[in-house]
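Down below is the structure, laid out as structure tokens.
The values are calculated or read from the model by the stated rules, or taken from the named source; none is laboratory data. Predicted, not measured: the structure shown is a model, and the values here were computed from it. No Cβ is skipped: glycine too gets one built from the backbone with ideal geometry, and neighbour counts run over all protein chains shown.
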């Protein structure tokens, strides 16, 4: 009498399950406020919001308002945008000095 041989498909084979386990997906990067994003980029909040209105990567508007929107940001996308030089982040302005003497 012949011995019965069982063959497992990949789904049924216990050894293949261990070898083909899928990695656990990482949670998505959290959004941050305009204040936090501006601090991260070392720019003023108003400048960052202007960049957001111009379409900088990593800026996402919330709400449907036509005049005002709340913006949230993903720091990794902002950093990548700056690294690719997609948006000019200006150097801080040089301090203004007042010359001595009368303006006349």
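A few remarks follow.
- Applying a threshold of 7 Å to beta carbon distances and a minimum spacing of six or more residues, or different chains, the list of pairs starting in region 58-72 at a residue that is part of a loop (DSSP other than H, G, I, E, B) and ending at one that is exposed (fewer than 13 other Cβ atoms within 10 Å of the Cβ) reads 63/70; 69/62; 69/63.
- For residue 18: the one exception among (1) modelled with pLDDT of 80 or more; (2) in a helix (DSSP H, G or I); (3) surrounded by fewer than 13 Cβ atoms within 10 Å (Cβ to Cβ): (1)
- Of all the residues in region 57-85, those that are exposed (fewer than 13 other Cβ atoms within 10 Å of the Cβ) and either at pLDDT 90 or above or in contact with a strand residue (DSSP E or B) (Cβ under 7 Å, 6 or more places away or on another chain) (or both) number 4.
- Qualifying residue in region 46-56 (condition: at pLDDT 85 or above, touching a strand residue (DSSP E or B) at 6+ places or on another chain (Cβ under 6 Å) and assigned to a loop (DSSP other than H, G, I, E, B)): no
- First in region 16-33 and within 16 Å of residue 79 (Cα to Cα), second anywhere and loosely packed, with under 10 Cβ neighbours inside 10 Å and modelled with pLDDT of 75 or more, Cβ under 9 Å, 6 or more apart: none
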